[in-house]
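*Asks:* What follows is a structure written as C-alpha cells; I'll ask about it next.
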C-alpha cells in the first residue's frame with residue numbers, strides 16, 4: 001500500500017516548509033489523484049485514500065469552502081470523491097461531520113500544538129515590528145495549523161460539545177460552531193430533501209460497499225484533462241460503470257459532458273437527497289461546489 005502526501009502538500013509553496021501558503025485549482029487535484037489512481041491500477045499496486053489526518057487542517061477548510069453557506073456542500077463534495085476512488089479509504093474523526101478549522105477570530109494563544117507555538121514565537125522574534133508579517137502568520141495558523149484536526153470531537157450541543165463533563169476542561173477549546181455542527185444533530189436530522197453530512201457519508205460508504213467492484217477495485221478514467229474547476233472521472237468494472245463530476249470552485253460552471261462519459265442517469269448529488277434533475281448529454285450547469293454521481297454505459 002502506498003501512502004501519498006501530495007494532496008496534503010497542495011497548498012504549500014513548492015519546495016518550501018509546510019507552513020507556507022499558495023493558491024491552487026481543481027486541475028492540481030485531478031493531476032494528483034488521477035496519477036496515483038492510474039499508476040496503482042497499471043502496476044498492480046494499492047492506494048491509501050485520505051485528505052485529512054491529525055497532522056493537517058480540516059479538509060473542508062483546505063480544499064473547499066468552510067463558510068456557513070458552503071460547508072455542508074463542500075464536505076459532501078469531498079465525500080463523493082473519497083468514496084468513489086480506488087484503494088483503502090481513511091475517514092478522520094470529525095471529517096464525517098464536516099468539522100472545520102477554528103475561526104479566524106481565535107488568538108494565537110489558543111493554538112496548543114508545538115509546531116504552532118514555535119512558528120508563532122519565531123515569527124514574532126523575527127518581525128516584532130512588522131504588522132503585515134505577523135498578521136499573515138496568524139492567517140497561516142488559521143489555515144494550516146495541525147490544531148484544527150485536534151479540537152475535541154463535537155458530539156452534542158451540550159457543554160464542551162459533549163466531549164467531556166461540564167466541570168472538566170478539555171486540553172483545547174472546542175470549536176465555536178459545536179451547537180450546530182455536531183454528531184447528535186446530524187444523526188437525528190429528518191429532512192426528506194436534505195441529508196446531513198453524516199447521513200451523506202453513511203450513504204456514500206454503503207454505496208461504495210455495494211458497488212465495491214467499481215469503486216474499490218475498478219478501472220479509472222479521467223474524463224476532462226483541461227478543466228480548471230471540474231474534476232471528472234469514470235469508474236468501471238466488467239459489469240457496471242459510474243461517472244463523477246465535481247466542481248471544486250465557488251463559481252457556477254457550464255460543463256460539457258464528454259462523449260466518453262456515456263451518462264445514463266444522474267443518481268446522486270450533494271445539493272439534494274434525491275436524484276439530481278440534470279441532462280445526460282450536452283452542457284450542464286454545476287452549482288458552486290456541486291458534485292454529481294451518474295450511472296454510465298461501460
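The values are calculated or read from the model by the stated rules, or taken from the named source; none is laboratory data. Please read all numbers here as calculations on a predicted model, not as lab measurements. FYI the Cβ positions are ideal-geometry reconstructions off the backbone, even for glycines, and counts take in every protein chain you see.
*Asks:* Hey, residue 112 hits all of (1) modelled with pLDDT of 95 or more; (2) within 19 Å of residue 248 (Cβ to Cβ); (3) part of a loop (DSSP other than H, G, I, E, B) but one; which does it fall short on?
*Replies:* Going through the list (1) modelled with pLDDT of 95 or more; (2) within 19 Å of residue 248 (Cβ to Cβ); (3) part of a loop (DSSP other than H, G, I, E, B), residue 112 breaks only (2).
*Asks:* Name the single residue, out of those in region 111-140 being surrounded by 16 or more Cβ atoms within 10 Å (Cβ to Cβ) and touching a residue at least 60 places away in the same chain (Cβ under 8 Å), that is nearest to residue 77 (Cα to Cα).
*Replies:* 140
*Asks:* Please determine whether any residue of region 255-263 is more than 26 Å from residue 31 (Cβ to Cβ) and touching a residue at least 12 places away in the same chain (Cβ under 8 Å).
*Replies:* no
*Asks:* Still on this structure, please answer the following. Have a look at 174, 222, 214 and point out the one that is out of contact with any strand residue (DSSP E or B) (no Cβ under 8 Å at 6 or more places or on another chain) and at pLDDT 95 or above.
*Replies:* Going through 174, 222, 214 in turn, the sole match is 174.
*Asks:* Restricted to region 232-269, and to residues that are touching a helix residue (DSSP H, G or I) at 6+ places or on another chain (Cβ under 9 Å) and outside any strand (DSSP E or B), which residue is farthest from residue 205 (Cα to Cα)?
*Replies:* Restricting to residues being touching a helix residue (DSSP H, G or I) at 6+ places or on another chain (Cβ under 9 Å) and outside any strand (DSSP E or B), the top hit is 249.
*Asks:* Return only the number of the condition from (1) assigned to a loop (DSSP other than H, G, I, E, B); (2) touching a helix residue (DSSP H, G or I) at 6+ places or on another chain (Cβ under 6 Å); (3) not assigned by TED's automatic domain parsing to the domain that holds residue 34 that residue 170 does not satisfy.
*Replies:* So the condition that residue 170 fails would be (3).
*Asks:* Out of all the residues in region 70-89, is one or more at positive phi, in a loop (DSSP other than H, G, I, E, B) and either modelled with pLDDT of 95 or more or surrounded by 13 or more Cβ atoms within 10 Å (Cβ to Cβ) (or both)?
*Replies:* Within region 70-89, one or more residues are at positive phi, in a loop (DSSP other than H, G, I, E, B) and either modelled with pLDDT of 95 or more or surrounded by 13 or more Cβ atoms within 10 Å (Cβ to Cβ) (or both).
*Asks:* Failed condition for residue 67, given (1) part of a loop (DSSP other than H, G, I, E, B); (2) without any contact (Cβ under 8 Å) to a residue 40 or more places away in the chain; (3) surrounded by 22 or more Cβ atoms within 10 Å (Cβ to Cβ), with all others met?
*Replies:* It is condition (3) that residue 67 fails.
*Asks:* Answer yes or no as to whether residue 27 is assigned by TED's automatic domain parsing to the domain that holds residue 80 and on the phi < 0 side of the Ramachandran plot.
*Replies:* yes
*Asks:* So, one more: Run down 104, 128 and say which single residue is over 26 Å from residue 180 (Cβ atoms), in a loop (DSSP other than H, G, I, E, B) and more than 18 Å from the chain's Cα centre (by Cα).
*Replies:* 128
*Asks:* I'm trying to understand the selection: among the residues of region 180-197, which are touching a residue at least 24 places away in the same chain (Cβ under 8 Å) and either loosely packed, with under 13 Cβ neighbours inside 10 Å or in a loop (DSSP other than H, G, I, E, B) (or both)?
*Replies:* 181, 182, 191, 192, 193, 194, 195, 196
Here's the yes/no breakdown for (1) surrounded by fewer than 20 Cβ atoms within 10 Å (Cβ to Cβ); (2) over 21 Å from the mean Cα position of the chain (by Cα):
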residue: 230; (1), (2): no, no
residue: 236; (1), (2): yes, yes
residue: 250; (1), (2): yes, no
residue: 257; (1), (2): no, yes
residue: 261; (1), (2): no, yes
residue: 280; (1), (2): yes, yes
residue: 283; (1), (2): yes, yes
residue: 286; (1), (2): no, no
residue: 291; (1), (2): no, no
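*Asks:* Further question on the same structure: Quick check on region 159-179: of everything there that is under 19 Å from residue 68 (Cα atoms) and touching a residue at least 60 places away in the same chain (Cβ under 8 Å), which residue is surrounded by the most Cβ atoms within 10 Å (Cβ to Cβ)?
*Replies:* 175
*Asks:* Against the definition (in a helix (DSSP H, G or I), in contact with a helix residue (DSSP H, G or I) (Cβ under 9 Å, 6 or more places away or on another chain), surrounded by fewer than 22 Cβ atoms within 10 Å (Cβ to Cβ) and not assigned by TED's automatic domain parsing to the domain that holds residue 245), how does residue 32 come out, yes or no?
*Replies:* Yes, satisfied.
*Asks:* If you don't mind, another one. Report yes if residue 243 is closer than 23 Å to residue 50 by Cα, modelled with pLDDT of 95 or more and not assigned by TED's automatic domain parsing to the domain that holds residue 38, otherwise no.
*Replies:* When the stated conditions are applied, residue 243 passes them.
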